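The values are calculated or read from the model by the stated rules, or taken from the named source; none is laboratory data. Note that the structure is a prediction, hence the values are computed from the model and not measured. Methodologically, a virtual Cβ is constructed for each residue, glycine included, from the backbone with ideal geometry; neighbour enumeration extends over all protein chains shown. The protein model used for the area step is the full one, side chains on, heavy atoms only, and it has no ligands, DNA or RNA in it. Shrake-Rupley method; radii C 1.70, N 1.55, O 1.52, S 1.80 Å.
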Amino acid sequence: MLELTEEEQLIKQFVGALAEKYGRSYWLACSREGRFTEELWAELAAGGYLGMLVPQEYGGAGLGMKEMAVLLEEMGNQGIPLLLLVVSSVMDVTLIAKHGTEEQKKRYLPALATGRERACFAITEPTAGSNSFRIETLARRDGDSYLLSGQKAFITGANEVDYIMMVTRTTPFDEAEDKREGLSLFLVDPRSAGVELTQQDTQILHPERQFTIFLDDVRVPRESLVGREGMGARYLFDALNPERISAAALGVGLGRYVLGKAVSYARERVVFDVPIGAHQGLQHPMAIAKTHLELAALMARQAATTFDKGGSAGPYSNMAKFAAAEAAIEACDLAIEVHGGAGFTGEMDIITLWPLIRMLRTAPVSREMILNYIGEHVLGLPRSY
Ligand SMILES: Cc1cc2nc3c(=O)[nH]c(=O)nc-3n(C[C@H](O)[C@H](O)[C@H](O)COP(=O)(O)OP(=O)(O)OC[C@H]3O[C@@H](n4cnc5c(N)ncnc54)[C@H](O)[C@@H]3O)c2cc1C
């Protein structure tokens, strides 16, 4: 529906071809077997899509969030979304490209762009939760290296990656003059001695799983420190808007996908001699859900455009993430309603989408933290927490 550039149309066509080749059934089979979508990932790599945000001098396409959002949205539209794409190809690439040393850019960006390597992102901790400044994972200098100790939770795809972008404290919270100081980012090999991954029992049908990560004096070389010690919080802010735009794009796509299933069913299912879609009790909510999805799509596109132009993308990115998550949840709930009892069967593949879509209200950032941002930074109201 949105006007797309020629390049964006090509991205859509590429995902359409992928969906035709692999399809939702492949994605579902990988999800059920807990198998990474290796083949799909390889195709994304071969097409140059993992390196969309990687600058051209490091082997990427040098494109922006506007194009990346088209890719993510279309993967959602086709029912084949990948969460690792958001962390590896959006967040980690952005952090390294913006703040890595020249050696790090040369070392990691071409590998991430070609799919030779991939990475996940670890900030969440069981105790700190949404209050990221309170993380306790500590990195201590020890000669030419650092020793990392602590615990992370809900880390998506940690078993499938070559590196974990690990958010740590190099100055404990209580010793920092300013809570925003003293955070540092490290690229940690999950196979390092002292790293222990444990799969979590997240009941979300999706190819990638979540893991707790225990770090027990994990030795990492100094070169693994991304950018400068203690500057991590500032760096992170550069990755948060792209993360929110990505979540919004996935939400819009998934919402469209599930609403599309509801509309098809509502056209065909006849009860009381008419298709159930003829009843306004179902038709109007579907029309409202469609409107909410397309409004969210517009907001996400505006957020991406503002981000790419170097503008202040926080307000649009947060509002887009909020709007897309809520619109997708509305669409999925409605799709269950439209399908009646059939909505609860695995065969219909509607209820299977619910945990993933519902998760978008909670992660990567919760609805409440988004509203806190809008309340404080957009409306100028007093900080509520
Ligand atoms: C499937 C999945 C994948 C994930 N992948 C990753 C990943 O790859 N990497 C990673 O680092 N993390 C990941 N996460 C973690 C995710 O980012 C967090 O779950 C999310 O940010 C919420 O944090 P929390 O779970 O600690 O909730 P809490 O912070 O404990 O919050 C619980 C509830 O309290 C509310 N709340 C807390 N503080 C406030 C406040 N000040 N005002 C109003 N309400 C408040 C929250 O909004 C929420 O509703 C993932 C989570 C899931 C479920």
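The residue of the stretch 133-158 that is nearest to the ligand (Cβ to nearest atom), among those that are in contact with a Leu (Cβ under 8 Å, 6 or more places away or on another chain) and of a type in the set (S, T, N, Q), is THR156.
Would you confirm whether any residue within the stretch 303-312 is under 16 Å from the mean Cα position of the chain (by Cα), open to solvent by less than 20 Å² (accessible area, probe 1.4 Å) and more than 16 Å from the ligand (Cβ to nearest atom)? First the steps, then the outcome.
At the first step, the residues of the stretch 303-312 found to be under 16 Å from the mean Cα position of the chain (by Cα) are 303-304.
Right, trim to open to solvent by less than 20 Å² (accessible area, probe 1.4 Å) and you get 303-304.
Among the residues that remain, those that are also more than 16 Å from the ligand (Cβ to nearest atom) are: 303-304.
Yes: the stretch 303-312 contains one or more residues that are under 16 Å from the mean Cα position of the chain (by Cα), open to solvent by less than 20 Å² (accessible area, probe 1.4 Å) and more than 16 Å from the ligand (Cβ to nearest atom).
Taking the conditions exactly as written (aliphatic (A, V, I, L, M), over 30 Å from LEU138 (Cα atoms) and surrounded by fewer than 22 Cβ atoms within 10 Å (Cβ to Cβ)), does ALA45 satisfy them or not? Yes. Here the stretch 359-385 is the region considered, the condition is being surrounded by 17 or more Cβ atoms within 10 Å (Cβ to Cβ) and more than 9 Å from the ligand (Cβ to nearest atom), and the residue that is nearest to the chain's Cα centre (by Cα) is LEU360. Please verify whether ILE213 is touching a strand residue (DSSP E or B) at 6+ places or on another chain (Cβ under 9 Å) and either closer than 19 Å to TRP41 by Cβ or not hydrophobic (A, V, I, L, M, F, W, C) (or both), treating the condition exactly as stated. For ILE213, the condition - touching a strand residue (DSSP E or B) at 6+ places or on another chain (Cβ under 9 Å) and either closer than 19 Å to TRP41 by Cβ or not hydrophobic (A, V, I, L, M, F, W, C) (or both) - is not met. Applying the selection to the stretch 152-170, what residues are open to solvent by less than 30 Å² (accessible area, probe 1.4 Å) and either assigned to a strand (DSSP E or B) or among the polar types (S, T, N, Q) (or both)? Those that are open to solvent by less than 30 Å² (accessible area, probe 1.4 Å) and either assigned to a strand (DSSP E or B) or among the polar types (S, T, N, Q) (or both): LYS152, ALA153, ILE155, THR156, ILE164, MET165, MET166, VAL167, THR168, ARG169, THR170. The C-beta contact set for the stretch 133-151 (first residue open to solvent by less than 30 Å² (accessible area, probe 1.4 Å), second residue among the polar types (S, T, N, Q) and part of a loop (DSSP other than H, G, I, E, B), distance under 9 angstrom, 6+ apart or interchain) comprises ILE135/THR124; ILE135/THR127; ALA139/THR170; TYR146/THR170; LEU148/THR137; LEU148/SER192; GLY150/THR137. Taking every residue in the stretch 65-80 that is at positive phi and pairing it with any residue that is of a type in the set (Lys, Arg) and modelled with pLDDT of 95 or more, at least 6 positions away or on another chain, the pairs with Cβ-Cβ distances below 7 Å are GLY79/ARG24. Assess whether ALA325 counts as being open to solvent by less than 20 Å² (accessible area, probe 1.4 Å), touching a Lys or Arg at 6+ places or on another chain (Cβ under 6 Å), in contact (Cβ under 8 Å) with a residue 12 or more places away in the chain and within 16 Å of the ligand (Cβ to nearest atom). Criteria met by ALA325. I'd like the full set of residues that are crowded, with 24+ Cβ neighbours inside 10 Å and either away from the ligand (no atom under 13 Å from the Cβ) or free of Cβ contacts under 8 Å to residues at least 24 places away in the same chain (or both), limited to the stretch 110-125. LEU112, ALA113 - these are the residues of the stretch 110-125 that are crowded, with 24+ Cβ neighbours inside 10 Å and either away from the ligand (no atom under 13 Å from the Cβ) or free of Cβ contacts under 8 Å to residues at least 24 places away in the same chain (or both). The lone criterion from (1) within 16 Å of the ligand (Cβ to nearest atom); (2) more than 24 Å from GLY143 (Cα to Cα); (3) crowded, with 22+ Cβ neighbours inside 10 Å left unmet by VAL252 is number (1).
Of all residues in the stretch 174-203 being open to solvent by 90 Å² or more (accessible area, probe 1.4 Å) and basic (Lys, Arg), which is nearest to GLY79 (Cα to Cα)? Working first, answer last.
Applying the first criterion (open to solvent by 90 Å² or more (accessible area, probe 1.4 Å)) to the stretch 174-203 yields 174-175, 177, 180, 191, 196, 199, 201, 203.
Among the residues that remain, those that are also basic (Lys, Arg) are: 180, 191.
Numbers: ARG180: 38, ARG191: 32 Å.
Among those that are open to solvent by 90 Å² or more (accessible area, probe 1.4 Å) and basic (Lys, Arg), it is ARG191.
Pairs meeting the criteria (first residue in the stretch 265-286 and farther than 16 Å from GLY341 by Cβ, second residue open to solvent by 60 Å² or more (accessible area, probe 1.4 Å) and part of a helix (DSSP H, G or I), beta carbons under 7 Å, at least 6 apart or on different chains) are PRO275/ARG267; PRO275/GLU268; GLY277/ARG267; GLY277/GLN283.
When HIS206 is tested against (1) assigned to a helix (DSSP H, G or I); (2) open to solvent by less than 20 Å² (accessible area, probe 1.4 Å), exactly one condition is not met: (1).
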